[in-house]
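Asks: Mind looking over this structure? Questions follow.
The values are calculated or read from the model by the stated rules, or taken from the named source; none is laboratory data. These numbers were taken from a predicted model, which means no experiment stands behind them. Surface areas here come from the heavy atoms of the whole protein model, side chains and all, with no ligands, DNA or RNA. Shrake-Rupley method; radii C 1.70, N 1.55, O 1.52, S 1.80 Å.
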Amino acid sequence: MPLKIALVGNPGVGKSLIFNHLTGVGVEIGNYPGSSVDLLSGRSCFQRERIEVLDLPGVYSLEDGAETEALVRRVIDDDAVTALVAVLDATRLERNLYLLLQVAEYGRPMTAVVNMVDEAARRGIAVDTERLAALLGIPVLATSAATGQGIDRILPTAVLEARAATVEVPYDHHVEAAVHSLARTFGVDRRIALQALQGLGDDPDLLDAAGAVGEEIGRRHRMSAGQIITTNRHNHAGTIADEVVRSAGVGVGAALDRLLTRTVPGVPILVGVLMAMLLVVFLVGGVLEEYIVRAFEFGLLNPIAALDLHPLAKEVLRAVGLALQSGFGIAFPYIFTFYVLLALLEDSGYMSRAAFLADRAMHRMGLHGEAIIPLVIGFGCNVPALMGTRLLATRRERIIAAFLITMVPCSARTVVISGIVASFVSLAAAFSIYLVVLVLIVLTGLILSRVAPGPQFGMVLEMPQLRRPRPDMVLLKSWLRIKEFLYIAMPLLLVSSVVLGLLGYYGAIAAFQAAFAPVSEGLLGLPDYASTALLFGILRKEMAFETLVVLAGTASLDTVMTGIQLYIFAIVSTLFVPCISTVAVLRRELGSRVAALITLYTVGLGLGIGALIHFVAG
């Protein structure tokens with residue numbers, strides 16, 4: 001049985017970078033038993049002993065009711081975990097010590113790592129790690145994940161020297177009395193009694209008793225027992241930090257931070273950054289797409305077409321070729337470019353400022369500012385955007401975000417909008433589709449925020465320091481993300497492409513076209529072959545455009561369809577069922593019920609908006 005070390009800490013403390021140093025790039029992403037929250041795990045070795053390293057999700061507290069915090073509590077309390085490594089940010093030690101004090105109450109073997117000491121030194125901050133170790137009662141290391149300083153000492157210290165912390169928070173005497181009474185009456189330890197006072201636990205009798213005691217404490221102090229406990233911890237964290245931190249003053253980045261986090265000019269800067277990012281994605285992705293698609297055309301698809309094979313075998317090979325071309329030639333360039341830019345923004349510290357600025361608007365839709373990240377990713381591709389919802393704290397937020405992401409016009413939908421509406425109707429009409437979709441996204445979010453079950457929590461966001469991203473770490477982070485897309489979405493794309501190819505060979509698509517002619521012609525006012533084009537759009541959205549051209553028999557679509565028909569087709573294709581890869585990832589991330597519900601919603605929305613436009617303007 002290998003040793004198991006778990007890294008715990010606030011978001012943005014460099015925990016994941018330390019994890020990469022310890023494990024390399026051989027990382028596995030899975031779910032902890034009984035949880036749907038993803039957990040990074042990797043392997044290392046010390047003194048010929050295998051060590052499993054867990055990178056726990058970044059949290060600010062262990063007492064929140066969110067699923068992520070529940071997972072972290074379970075791992076910390078798991079006897080299979082050999083030792084805990086609490087990662088602290090040297091530039092924000094007091095804030096980080098709050099979480100460490102909570103972890104210390106579990107009585108598990110642990111060590112602390114004061115990371116970013118190089119950044120702290122540049123800002124005139126010094127941390128006395130020896131004094132900190134004495135106050136906490138555990139080993140404390142000074143490290144810099146960016147430079148590798150001290151990283152080699154983490155595993156030896158965790159394996160050989162980790163021990164239970166001796167630090168204790170001096171709680172209010174009423175809280176201490178309540179904890180002592182609950183612990184004696186119910187036979188539980190101090191930590192469980194403290195959590196019961198904060199409403200956490202699974203013993204109903206203990207929770208009822210703790211609730212009654214907590215009400216009495218609240219009447220005496222005019223604040224809840226949970227608030228008193230939180231305040232006591234913050235005060236003790238501040239006392240420890242004051243004793244071990246020496247600071248030369250405020251960093252020069254404070255003025256820049258004020259500019260980036262104020263409504264003006266922060267919001268215009270945010271809009272400019274997002275627009276520039278999308279522009280770069282479309283330009284760079286478009287250039288890469290052109291070359292890669294052409295390479296697949298000449299190197300794979302044309303040779304397949306020239307083969308003298310049985311028609312069925314030829315159709316299957318052609319389907320595989322088209323899937324490879326669409327995955328590597330169309331999705332990959334946009335997604336990888338987007339991930340590189342996203343990693344640059346994340347490592348620079350800007351994305352937390354963007355989340356802060358967007359929080360008020362996102363809150364109205366039942367989300368937090370952090371949800372802007374996967375929503376923006378959705379403009380590149382919905383698949384990685386849905387994977388990005390894992391950073392959201394609750395299942396409720398992930399479901400709402402998934403609904404909205406599937407409506408965001410991805411790069412493939414942009415091909416449909418630009419190739420049909422901008423080319424054959426007008427540029428203004430093309431932009432109006434984005435406006436209509438934006439309005440529908442906002443309305444959907446407002447409705448879901450009121451009907452979606454589950455609690456909504458406040459957002460605690462710590463601003464990491466603005467810093468210059470390291471190119472090697474940006475590329476590593478981008479590769480780790482794109483690797484998941486290649487391993488999950490590409491196989492799905494290959495299988496679905498072959499299935500559609502077989503359906504076409506055996507005439508099922510022609511039967512579908514005949515069956516859905518009343519919907520295509522009667523409801524939407526489109527030619528009967530438009531339904532087939534929409535069906536192929538489920539495989540990949542730009543195929544709706546390509547199939548429409550093939551079935552219409554001409555690339556000059558304005559000669560066979562009216563302007564309003566082209567507009568309706570484009571908007572229905574944009575809103576209609578997400579591509580098959582998106583549906584598959586939806587099912588994987590949120591389950592079959594949610595995937596089916598979102599699919600049915602987008603079908604109804606697409607057909608409803610298309611029918612409305614047909615009957616009003618047709």
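Asks: For the stretch 264-617, take N as its residue count and report Rg(C-alpha) divided by 2.2 N^0.38 Å. Don't skip to the answer; put the middle values down first.
Replies: Values: Rg = 20.5 Å, N = 354, 2.2 N^0.38 = 20.5 Å.
It is 1.00.
Asks: While we're looking at this one, here's another question. Using alpha-carbon pairs under 8 Å, 6+ residues apart, how would you state the relative contact order of the stretch 172-273 in percent?
Replies: On the way: 57 pairs, mean separation 18.2, N = 102.
About 18 percent, as a whole number.
Asks: Out of the total accessible area of the chain (probe 1.4 Å, heavy atoms of protein only), what percent is carbon and sulfur? Walk me through the intermediate numbers first.
Replies: Working: 16730 of 26850 Å².
C and S fraction of accessible area: 62 percent.
Asks: So what is the accessible area of the stretch 173-247 per residue, in Å², with the probe set to 1.4 Å? Walk me through the numbers on the way to the answer.
Replies: Values: 4140 Å² over 75 residues.
In whole numbers, the stretch 173-247 has 55 Å² accessible per residue.
Asks: Then there's this: Mind pulling the per residue volume of the convex hull built on the Cα atoms of the chain? Å³ is fine.
Replies: Numbers: hull volume 113.9 nm³, N = 618.
Taking only Cα atoms, the chain has a hull volume of 184 Å³ per residue.
Asks: If you don't mind, another one. Once you keep just the Cα pairs under 8 angstrom separated by 6 or more residues, what percentage relative contact order results for the chain?
Replies: Values: 928 pairs, mean separation 62.4, N = 618.
That works out to 10 percent.
Asks: Could you sort Leu101, Leu200 by accessible area so the largest value comes first, with the probe set to 1.4 Å?
Replies: On the way: Leu101 5, Leu200 30 Å².
Correct descending sequence by accessible area is Leu200, Leu101.
Asks: Send over a whole-number figure in Å² for the accessible area per residue of the stretch 351-404, probe 1.4 Å.
Replies: Per residue, the stretch 351-404 has an accessible area of 27 Å².
Asks: Sticking with this structure for a sec: Express the accessible area of the stretch 3-161 per residue in Å², computed with a 1.4 Å probe while the remaining protein chains stay in the model.
Replies: Values: 5640 Å² over 159 residues.
For the stretch 3-161, the per-residue accessible area is 35 Å².
Asks: Something else about it: Determine how large the accessible area of His234 is when every protein chain is in place; take a 1.4 Å probe and give Å² rounded to the nearest 10.
Replies: Roll a 1.4 Å probe over it and His234 shows about 70 Å².
Asks: Arrange the residues Met110, Met473 by how much accessible surface each exposes, largest first, with a 1.4 angstrom probe.
Replies: Details: Met110 0, Met473 30 Å².
Per-residue accessible area, sorted high to low, gives Met473, Met110.
Asks: Using only the Cα atoms of the stretch 146-242, build the gyration tensor, take square roots of its eigenvalues as a ≥ b ≥ c, and label the shape rounded, prolate or oblate: rounded if a/c is under 1.5, else prolate if a/b is larger than b/c, else oblate.
Replies: Values: a/c = 2.93, a/b = 1.89, b/c = 1.55.
Cα axes put the stretch 146-242 in the prolate bin.
Asks: Once phi is turned into ³J(HN,Hα) by the Karplus curve 6.51 cos²θ - 1.76 cosθ + 1.60 with θ = phi - 60°, what whole-Hz value does each residue of the stretch 402-411 show in order, with x for glycine and proline?
Replies: 5, 4, 6, 4, 5, 9, 5, x, 6, 4
Asks: Give me the orientation-averaged projected area of the Cα convex hull of the stretch 3-161, in nm², one decimal. Intermediate results must be reported in sequence, preceding the final value.
Replies: On the way: hull surface 35.2 nm².
Spelled out: convex hull of the Cα atoms, projected over all directions, averaged, 8.8 nm².
Asks: Helix-only estimate, please: 222 nm mean residue ellipticity of the chain, summing -39500 (n - 2.57) across DSSP H runs of length 4 or more and dividing by its residues, to the nearest 500. Walk me through the numbers before you get to the answer.
Replies: On the way: 28 runs with 373 residues, N = 618.
Counting only the DSSP helices, I get -19000 deg cm²/dmol.
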